[in-house]
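Before any comments, here is the structure.
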Amino acid sequence: MDGDVHTPDHSKRAQTLHRTASKSRGVRLRVWNTNRDGTFIVTVLAVESLRGGWLQITVTCSDPSRVVRKPAVAGQFLDVVEFADVTALRSQSEYTSVEGLEALEALIGSPDRRLPVIVAAPLDDVPFDSWNALVDRWTTRTVGIAHVISLAPHAAQELASRHRLQAVLPGTLRTYPAGADLSDPLTAKTARWLSHRSLADDDRAVAKTIESFVRQHAASQPLSLPSAAREWSRAFDRIASGKLRAAVTPAPVSLSERRELFATRQRELSELRQAPALRRDEGAQTAPPPVPEVLTAPEAPIQEIEHLRRELTASQSALAASTQSLRTVQETLMLDGIDEESLLGLLELATRTVPDQSAIDTLLDTNDSLQTRIEGLEEDVLTERSDKIEARKALSRLEDDYGRARREIEYLRSKVAERNPEAAYSFTDQGAPQNPLGECPATWEMLADRRDLSDHGIILTASVKKIKDLETVDADGSALTAAWDALGTLAAYRNAVRAGTWDRDVHDFCESGPLGQFRVPPNKHSRGETGSTKQDNRYRKARLLPVPSSVEQSGMVHMWAHFKPYTWTSEKRLRIHYHDQVRSDGAIYVGHVGEHLPSASTTKLHR
């Protein structure tokens, strides 16, 4: 049942809303708490469906400059509800032995992970139980919104031997952001430390520092809520807006309806008055009221008595007329009575200030318009955040590659200078290599109809309709250019393999192909899919794509390798899946050009 309660001073308020959609049921609890620091709003949104359920907790403050901490209710939920981010989230740090290292490595390296992982390694001379107690105190504010792992001494040593600079040192804590890879040297820079000196500080200061790490991660890599969560949240916002409109908009009641309500109320009052009489014995007779005996003094004149009787009759007639007039007024004004309480109530209704209904309607319409605008801006923000995250990752990678390339160039130049100083400094830039496919077509339809792609060994087996439909998504043609560069990379790779200058796969070609060959950066390509995607039959089937029967008798093969040329939004991304047959028949079969195929990362709702 929907409801709204509040304290007398309105400093605390709670609202519950319910909604049913198809075969799913949802409830939203929102609590407002106002104090000297502002108004804090905790929202709990829970949805149950046939496939399971999910729960979302958000906390906001009216003052955006204030830090909003994890609410106490979050820990209580974690104790009774199983939340998952690749693995289960806990309400306290989790102990890991050597046997659990593989699971930890899989968690850190999982592309589906959304929250940071905090790993603590103990000091050799500190009892492990004491160290765990410290870790629990330091991570009180962050456990549940981050994975907190406390390594056993032998597990910490084994992790360090496996991953060296990417591991965690004894007596330190390290935060691994989403997207980290323990085999990637870049992780040594992106995974932040808390050293011995920092951990020696006051426990509250350490907890605050760790919390800042998690908040910085949330700011730089904000969680993109699944579309279903956003849809439910917006639906409840619209329900709340509708209740607000109903509360301040008077319901029109016609005069006849008001009269019917008044008549019904009068009948009920009449029945209540008659109830005592009905309980009396039906045979009892009520004696008529005694007629007062008019005592006349012997000396009173008969004329005076007659005069008094006439005055009494006139008074009774006037009383009856006044009573009828009052009854008419009562019925016309539809009052339950003409006592003081009823009249004061009428006076209050007649004299209270009535707000301008047209102004109220304008405010409500403006509120609805702003709500719609906010929803659109939220989508834009998600797109910008996703692009920013991808750009930041690409920049970090490029900076690392650039630094390494500069060092390599300087080293090689010094070696060449030892033999031939003139050659060492005679380089002349001839410009970037050109796409072997030539100029990019003007539209997606033109790309789908390009027959000369087969001259470069690129065979399009993908749905032509899906390719042409991208025209409605790709407003400025940026994705088309990116897709053309990906196809050009395949053509350049094929040329290099057939020329005998390259003997590895497409991904290695993107990373370190022959000098002067056209190619996209390696972050725009993936060798395959995640384990969770490959293991799910639904996702495997989506990647079973068409090829000629000469390649595979069934006419279908799994195409795991793919390009990631462009991202429109966090949930709308361009993908190109292909099957490499260059070393067999000299061709590359492109089975999908379109939006991201369903996968564990795009369709899973985290509980």
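The angle separating the long axis of helix 255-278 from the principal Cα axis of greatest extent in the chain is about 60 degrees. To the nearest ten degrees, helix 203-220 and the longest principal axis of the Cα atoms of the chain are 80 degrees apart. Peptides 575-588, 28-41, ordered by how many other C-beta atoms sit within 10 Å of their residues on average, highest first, read 575-588, 28-41.
Computed from the C-beta positions of E268 and A88, the FRET efficiency with R₀ = 56 Å rounds to 0.40. For L165 and H18, the difference between the fully extended length at 0.36 nm per residue and the C-alpha to C-alpha distance is 47.8 nm.
In the chain, the longest principal axis of the Cα atoms and the axis of helix 227-248 are about 20 degrees apart. Full extension of the chain between D202 and V473 yields a length gain of 92.2 nm, computed as 0.36 nm times the residue separation minus the alpha carbon distance. What's the long-distance tail for region 40-82, i.e. % of Cα pairs beyond 17 Å? Of the Cα pairs, 41 percent sit more than 17 Å apart. Of M559, M446, M334, the residue with the largest accessible area leads and the full order is M446, M334, M559 (1.4 Å probe).
Here T481 and S454 are evaluated by their C-beta separation; at R0 = 22 Å the FRET efficiency comes out at 0.55. For the modelled label position 7 Å from the Cα of Q434 along Cα-to-Cβ, which residues of region 487-516 have backbone nitrogen atoms closer than 16 Å? Taking a point 7 Å out along Cα→Cβ of Q434, the residues of region 487-516 whose backbone N falls under 16 Å are 488-489, 492, 516.
Taking the protein heavy atoms of the chain in the context of the full set of protein chains, the accessible area attributed to carbon and sulfur is 54 percent at 1.4 Å.
The Cα atoms of region 1-61 give a gyration tensor whose axes a ≥ b ≥ c have a/c of 1.5 or more with a/b no greater than b/c, which makes the shape oblate. The candidate values are (i) 32.1; (ii) 26.4; (iii) 30.7; the one derived from this structure for Kirkwood radius over Cα pairs in Å carries the label (i).
Using a cutoff of 8 angstrom between alpha carbon atoms and counting only pairs six or more residues apart, the relative contact order for region 361-507 works out to 19 percent.
Computed across region 68-211, the Kirkwood hydrodynamic radius from all distinct Cα-Cα pairs reaches 15.3 Å. Rounded to the nearest 0.05, the FRET efficiency derived from the C-beta distance between Q316 and T60 at R0 = 60 Å is 0.25. Shape class of region 131-189 from the alpha-carbon gyration tensor: oblate, with a/c at 1.5 or above and b/c at least as large as a/b. Look at the dipole of region 446-552 built from charges on Cβ: of Y493, N537, A462, the Cα furthest out on the positive end belongs to N537.
The residues neighbouring V98, those whose beta-carbon lies less than 14 Å from its own, together hold a net charge of -3 under the Lys/Arg +1, Asp/Glu -1 convention. Could you tell me the relative contact order of the chain? Use alpha-carbon pairs under 8 Å, at least six residues apart, and round to a whole percent. Averaging sequence separation for qualifying contacts and normalising by length gives 9 percent for the chain.
The values are calculated or read from the model by the stated rules, or taken from the named source; none is laboratory data. What you see is a predicted model; the values in this text were computed from it and never measured. For neighbour counting, all protein chains shown are included, and Cβ atoms are generated from backbone atoms with ideal geometry for every residue, glycine included. Calculation scope for accessible area: heavy atoms of the full protein, side chains included, ligands and nucleic acids excluded. Shrake-Rupley method; radii C 1.70, N 1.55, O 1.52, S 1.80 Å.
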